[in-house]
Structures are given as C-alpha cells and as structure tokens.
Amino acid sequence: MAIVINYRFPIAVLGACLCLSVIAPAQAVPLQSPMLVSQTQLLPPPPTSPNPVPDPSALSFTPNATSYRVMALVTSPVQEQQVKAAYPGAFFTTFNGQRLLQIGSFSDPLNAQQAALSLQNLGLETVINP
C-alpha cells in the first residue's frame, strides 16, 4: 500500500505569504545501470561502392527551351532607379552592341510582354529577346 503525503504550509518571506507543497513519492523508482558503448547498436557501415552515375543521355533535357529576356534602354540615372525600384534584380548587359538593363528572363512569352509593357509605361524603350 502506497501512501502519498501532501504537506502545505505557509512561509513568510519579506511580508508575503508563500505556500509550498511537498509530495513524497508513492514508491521508489529503481535506477538503471548506465548503458555501455559496447551494448549500443551501431549503424551498418556505408556501402563499399559509390552510387552509380546516371547516363547523361538518359536524362530528360530540352536543349531548345526558349527563354525571353526583357531589357530596357535607360539613358539616365533616374530611369535606372525607376527600373530597379520595380525590378530590384535588374542588371546591365550588352545586347547587339548596346548597353541595356535586363530585368528578367521568362519562359512564358506573355509574362515577358507584361514586363516589357510595365517598362514602356515608364517611358522606356524595351527589347524582348527569345
């Protein structure tokens, strides 16, 4: 038969009353002996041969995937700031011997046209290069 004793008694601490509870355990918990390293199960060793490298000809790859680069001709620092405010990743590139600000490369031609239109609304000349 287990007996649980719960004592509650007030303690005065600097004018405040603090109640403490003390609970005696119903039964003692046996301690287990520590596990030795030799008793643990180790993971199996890694395979001795590396994973096979896939044949490149078996990979699905479309070499003629079309990408539509959208670029703008900027002629002033103010125009550059306007473009970079709308497209923070924009960077300068050379296209057909002309220095242009590229705002992105799109796989969908409609998205490229929408981006170019947003630049044209700023009064900029644009180029879409597939």
Förster radius 22 Å - calculated FRET efficiency between GLN120 and ASN96, Cβ distance, rounded to 0.05: 0.70
In nm, spacing of pseudo-spin labels at SER105 and ILE128 (7 Å Cα→C-beta vector): 1.8
³J(HN,Hα) computed for each position of the range 79-89 - Karplus, 6.51 cos²θ - 1.76 cosθ + 1.60, integer Hz, glycine/proline x: 5, 4, 5, 4, 5, 5, 5, 7, 10, x, x
Local electrostatic count at ALA115 - Lys and Arg +1, Asp and Glu -1, tallied over other residues with Cβ under 12 Å: 0
Neighbour net charge for VAL74 - beta-carbon separation under 10 angstrom, K R +1, D E -1: 0
Proximal charge balance of PHE92 [Cβ under 14 Å; K/R count +1, D/E count -1]: +2
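Quick note: the coordinates plus some simple rules give every number you see, no bench work behind them. The shown structure was predicted, so the numbers you read here are calculated from the model rather than taken from an experiment. A quick note on method: Cβ atoms are made from the backbone with ideal geometry, for glycine too, and the neighbour counts reach across all protein chains shown.
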